[in-house]
Amino acid sequence: MLVSVQNIRKSFAVGDSWFKKSRHEVLKGVSFELFEGECLGLLGESGSGKSTLGKVILGIENPDSGEVVFADAISDLPSHEKMSVVFQDYTSSVNPRLRVEEIISEPLLRTQLTHAEKKQKVNELLVEVGLSESMKTRFPHQLSGGQLQRVCIARAIAPSPKFILLDEAVSSLDVSVQAQVLDLLANLKQRFGLSYLFITHDITVAAYLCNRILIFQDGKVVEQVDDLNNLAHATNNYAKQLLSAAHFLERAFTEPAA
Amino acid sequence: MMKKLLANRVASICLLILSAFTLAGIFAPVIAPHDPNLSDFTKFFAPISWEYPLGADHLGRCILSRLLFGIRTTLFYAFLTMLITLSVGTVIGIISGYIGGKLDNVIMRTCDMLLAFPSEVMVLSLIGVLGPGITSIIIANFIAKLPWYVRMIRSSVIRFNHQNYVLYSNTIETRFHYKLFRHFFPNIASEIAILASMDIGWIILSISTLSFLGLGVELPTPEWGSMLSEAKDVLLTNPEQMMYPGVTIMIVVATCNLLGDSVRELFDPKAQA
Amino acid sequence: MLLEVKDLNVCWRDHKNEIQLLKDITFEVERNQCLGILGESGSGKSLTCGAINGLLDESFQVTGNAFFENQDLLTLKKEQRRKIRGKKIAMILQSPMTAFNPLFTIGGHIAETMCMHLQCSCKEALDQMAQVFQRVNLSNPKMIYAKYPHELSGGMLQRIMISIALSLQPSLIIADEPTTAIDYVSQKEVISELQMIREQSETSIIFISHDLSLLSHLADQIMVLNQGQMVEYGPAQDVIRSPKSEHTQHLIQTRRLLVQRFNHYMTNQHVS
């Protein structure tokens, strides 16, 4: 076990006036475990609370109750070596006024590396994610979406964290770029022994990258698929609906004989 | 930022005029033909001549020299007020926006309270309490303007605090000063520049108005507002006496406002795309 | 022939630059046919429809012909164009959430749109709408009428949007990425609804999407755009099975690759 999420609850105040306060519960007791070296998919539609859950795990949002427990091996590490994140919206994920080089070296600030070592590391990382070293002097608006998301990935893996949260990391990309970025992620996971929590609404993408899938609806985990070969045997009603809809949509095109 | 500013014609002309005034103020003792406070009783209301390029006033003092030395009081005190307001406003705004919670609430409600009074009334009553003098003017303008800056900077900080790149920094717990100098300042700077360049004209006017009313700079220190005030007594006989300080104030304030407008245009995020 | 677009070119210009956004787009839509336009972001697929519909502003320069029922849409006056746009050509946009005014109920929206275009009373309009709802399997129209947009899901809103478009009996429906903003389950429903329209009425559809899987459900003809140029145009089955251009091959291949694993997991069940 690497990360254990235990009965997380989170609600937000709605209609925040002085006289009347009601709260909307976004997360209704979420528990699951992430094991070392796996990619766990968290599948849910927009508004199901999956991004809020992501923020709770990252520690930038406090849960009302429940806790996120990290394995002993990593719980004492400084946070930049413990975890990292890649967001969906790559344009707001980087400061538009910084160059690629500065963006990627942000997580290296707290390491012991010398200035030259950091530069070297940035160069290596750029090549690692399939960009060229010459891109380090560019500004974000001079890069395409796919390139920018690669920069975000480079930044995420820079301090060699144990665990990376991918919050819809490929959802804003074109299909042809999606596949490339997913392959890159799979490759990096293999080489650096990373663990991913992959938040997405797209089941084909989840099936492509993940070892296990949690289906998330309305603030709760409604189905846990530990072996994707059993994906079709989901028991929960919503999960069934979702899977059959997705299968219906994708089937016609992949089976041209029909 | 500077490059962009210089590429715009209006902005660069405004900057040129303002820097010309600033330089003239700094080198006033060198370029002024006379001591601004030296009255020559033979030169009452002297007409324009080589010796007195803009003539002399009712005490026989050189008007040009007084205008040049007036830059030092009016423009420089305005800049000083701006500088103090900006730095204090930025610090409080960032604290309020970044820390949030109760402290933020207290700061914001205080700002609301200060903003409930019109700026002019606020300044006048503060000077009433503090007594006339340039220090009171600076303090009064500072207090009247501060809440605007605090509010604006706080709201920018909150806006940038929700940007993914700040969320990322929070996740890996980047040191605060990195976030401050790399993420917040460069992004807020343009907004500060807009507000500051719009407001500097307001402060110049405020200093001049108060001196005109006799609440500001002590006589005989040359100051444009007090020059106006002195000239108004001879308005019927020597109307040109009022024109010189009046036109100077107008040029400087109009330049500041124009600069503010073009800075705002330049940094409008829509124009950037 | 319902719509015939010939050599459509679109340029964007400001005082310095001129950028060609669409180059020589030529296609036809027959009655009761569905044309799918496939392209990645920035390929010009939405722009094509915007140009045909006259929704672009003056900084865009549009040349070419677009004959709709033998009238050239590109040379028509604004007034006439607007008449055609409301009645004969209906648009369905990407995000249903923003297409509805949050202050009105669904019934209010329907009454307003229908009264304006069909010149009938509100009651007639709502009754007529109830029939359309029945046709597309939206049950309980009364309940839907009373709801505000935020009370319904994105998928539901999109289906209502389609029903409204349909009730005006247009000759052509242009659907610009209608399922991008909604989840799978609703996507399926929207697709079924559009399929039903194909079967039941004479309406033609232009379906714009980046998703080949969706197009394969609906389109008779597929046109593939890449950076403002047509790279492939032909019958849907041909395009999917034996794409000629490299770009289309690449699109199909990567999409297949992506879906493969999911389909593999899902079809396991049928075997075992």
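When chain B is treated as a GNM, springs tying every alpha-carbon pair under 10 Å, which of B:N187, B:N257, B:N141 comes out with the largest mean-square fluctuation?
In the Gaussian network model the winner is B:N187.
Return the single residue from B:A196, B:A11, B:A254 with maximal mean-square fluctuation; model: Gaussian network over chain B, springs between Cα atoms under 10 Å.
Per the Cα network of chain B with a 10 Å cutoff, B:A254 tops the list.
Mind checking the mean number of beta-carbon atoms from other chains within 10 Å of the Cβ atoms in A:100-110?
Numbers: counts 0, 0, 1, 3, 0, 0, 9, 6, 0, 6, 5.
That works out to 3 on average.
Note the full-extension length gain between B:H177 and B:L80 as 0.36 nm times their separation in residues minus their Cα-Cα distance, in nm to one decimal.
Separation in residues times 0.36 nm, less the Cα-Cα distance, equals 32.3 nm.
Do any GluC sites (Glu not before Pro) in region C:58-154 lie in a loop, going by DSSP, with at most 15 other beta-carbon atoms within 10 Å of their beta carbon, and if so which?
C:E58, C:E69
Would you kindly state the longest site-free stretch of chain A, with sites defined as trypsin sites (Lys or Arg not before Pro) in a DSSP loop (not H, G, I, E, B) surrounded by at most 10 other Cβ atoms within 10 Å? Can you show the working numbers first?
On the way: sites that count: A:K20, A:K21.
Value returned for the longest uninterrupted segment is A:22-258.
For region C:3-266, which whole-number percentage of the solvent-accessible area (1.4 Å probe, protein heavy atoms only) is attributable to carbon and sulfur atoms? Mind dumping the intermediate values first?
Working: 5960 of 12350 Å².
Carbon and sulfur: 48 percent of the exposed surface of region C:3-266.
Strictly over 27 Å apart at the Cα level, which of C:K16/C:K45; C:K6/C:K77; B:K102/B:K179; A:K50/A:K162; C:K45/C:K88; C:K23/C:K244 would you flag in this model?
none
On the first, second and third principal axes, largest extent first, how far apart are the outermost C-alpha atoms of region C:3-266 in Å?
54, 52, 34
Amide H to amide H under 5 Å from C:C34: which residues, 5+ apart in sequence or cross-chain, H placed 1.01 Å off N in plane?
C:I205, C:D220, C:Q221
Calculate the spin-label point distance for B:A254 paired with C:Q260, positioning each point 7 Å from the Cα along the beta-carbon direction, and give it in nanometres.
In this crude label model, C:Q260 to B:A254 measures out at 7.3 nm.
Find the centroid of the Cα atoms in region A:197-227 and in region B:160-180, then give the distance between the two in whole Å.
28
Estimate the FRET efficiency between B:D233 and B:R9 by the formula 1/(1 + (r/R0)^6), using the beta-carbon distance for r and 35 Å for R0, to the nearest 0.05.
Numbers: r = 41 Å, r/R0 = 1.18.
According to the calculation, E is roughly 0.25.
Can you give the % of DSSP beta bridges in chain A that are antiparallel, to the nearest 5?
Beta bridges within chain A, antiparallel portion: roughly 55 percent.
Can you tell me the accessible area per residue over region B:175-224, all protein chains present, probe 1.4 angstrom, in square angstrom?
Ligands and nucleic acids excluded, the result is 40 Å² per residue.
When the Cα atoms of the protein assembly as shown are enclosed in a convex hull and the volume is divided per residue, what value in Å³ results?
Each residue corresponds to 231 Å³ of Cα convex hull volume.
Check the straight Cα-Cα distances from B:K232 and name the aspartates and glutamates below 18 Å, setting aside those fewer than 8 residues away within the same chain.
Answer for B:K232, where 18 Å is the Cα cut-off: B:D57, B:E218, B:E223, B:E240, listed by chain and number.
Give the Rg (one decimal place) followed by the Dmax (whole number) of region C:59-192, computed from C-alpha coordinates and expressed in Å.
That works out to 15.9, 47 Å for Rg and Dmax.
Across peptide C:249-261, how many C-beta atoms of other chains are within 10 Å of each residue C-beta, on average?
Counting Cβ atoms of other protein chains within 10 Å of each residue's Cβ and averaging gives 6.
Using a 1.4 Å probe and counting only protein heavy atoms, how much accessible surface gets buried when C and A come together, both sides summed, in Å² to the nearest 100? Let's see the in-between values first.
Working: alone 14770 and 13550 Å², together 24680 Å².
That pair hides around 3600 Å² of surface in total.
Spelling out what I want: for every residue of region A:145-159, take phi, set θ = phi - 60°, compute 6.51 cos²θ - 1.76 cosθ + 1.60 (Karplus), and round to whole Hz; glycine and proline get x.
Once rounded to whole Hz, the list reads x, x, 5, 5, 5, 5, 4, 4, 5, 4, 4, 5, 8, 3, x.
Roughly speaking, to the nearest percent, how much of region B:44-156's 1.4 Å accessible area is carbon and sulfur?
Carbon and sulfur atoms account for 75 percent of the accessible area of region B:44-156.
With each label point set 7 Å from Cα along the Cα-Cβ vector, what nm distance links B:S125 and C:Q237?
8.4
For chain A, which whole percent of the accessible surface, found with a 1.4 angstrom probe, sits on carbon and sulfur atoms? Can you show the working numbers first?
On the way: 4910 of 10760 Å².
Here it works out to 46 percent.
So which lysines can A:K121 reach, going by Cα to Cα under 17 Å and dropping same-chain residues fewer than 8 places off?
A:K136
Can you tell which of A:I157, A:I213, A:I74 shows the greatest fluctuation in a Gaussian network model of chain A with Cα springs below 10 Å?
For chain A, modelled as a Gaussian network with Cα springs under 10 Å, the answer is A:I74.
Between exposed chymotrypsin sites (Phe, Trp or Tyr not before Pro) in chain A, where DSSP calls loop and at most 12 other Cβ atoms lie within 10 Å, what's the longest gap?
My reading of the result: A:20-258 is the longest stretch.
Quick query: amide H of A:V222 versus all other amide H atoms, modeled in the peptide plane; which residues come in under 5 Å with a sequence gap of 5 or more or a different chain?
When sequence neighbours closer than 5 places are left aside, the close amide H contacts are A:I215, A:F216, A:Q217.
Which value at 222 nm does chain B reach when only helices count, each DSSP H run of 4 or more adding -39,500 (n - 2.57), with the total divided by all residues and rounded to the nearest 500 deg cm²/dmol?
About -24000 deg cm²/dmol.
Non-local amide H neighbours of B:V217 (under 5 Å, H modeled in plane, Pro and chain starts lacking H): which ones?
Counting only residues 5 or more places away or on other chains, the set is B:S211.
For region C:155-219 and region C:32-65, write down the distance between their C-alpha centroids in whole Å.
Measuring centre to centre over Cα atoms gives 18 Å.
Using the Karplus equation 6.51 cos²θ - 1.76 cosθ + 1.60 (θ = phi - 60°), what ³J(HN,Hα) coupling, rounded to whole Hz, does each residue of region C:187-203 give in order, writing x for Gly and Pro?
4, 4, 5, 4, 4, 4, 5, 5, 4, 4, 4, 4, 6, 8, 10, 8, 6
Return the sequence-ordered ³J(HN,Hα) values of region B:18-26 in whole Hz as given by the Karplus equation 6.51 cos²θ - 1.76 cosθ + 1.60 applied to θ = phi - 60°, using x for Gly and Pro.
5, 5, 4, 4, 4, 4, 4, x, 4
Return the residues of region A:213-244 for which accessible area with all protein chains present is lower than in the chain on its own by 50 Å² or more; set the probe to 1.4 Å and exclude ligands, DNA and RNA.
A:N229, A:A232
Principal axis extents for chain A, Cα atoms only, whole Å, descending order, please.
On the principal axes, chain A reaches 61, 55, 38 Å in Cα extent.
If the cut-off is 18 Å between C-alpha atoms, which lysines fall inside it for C:K188, apart from same-chain ones fewer than 8 positions away?
Of all the lysines, those that pass the test against C:K188 - Cα under 18 Å, at least 8 places apart if same chain - are A:K240.
Please work out, to two decimal places, the log10 of the ratio I(q)/I(0) at q = 0.07, 0.09, 0.11, 0.15 Å⁻¹ from a Debye calculation in which every Cα of chain B carries one identical scatterer.
Log10 I(q)/I(0), no solvent term: -0.32, -0.51, -0.72, -1.12.
The values are calculated or read from the model by the stated rules, or taken from the named source; none is laboratory data. Just so we're clear, the structure is a prediction, and the values are computed from it rather than from any experiment. Neighbour counts are summed over all protein chains in view; Cβ atoms, including those assigned to glycine, are modelled from backbone coordinates with ideal geometry. Ligands, DNA and RNA are excluded from the accessible area calculation, which covers all protein heavy atoms including side chains. Shrake-Rupley method; radii C 1.70, N 1.55, O 1.52, S 1.80 Å.
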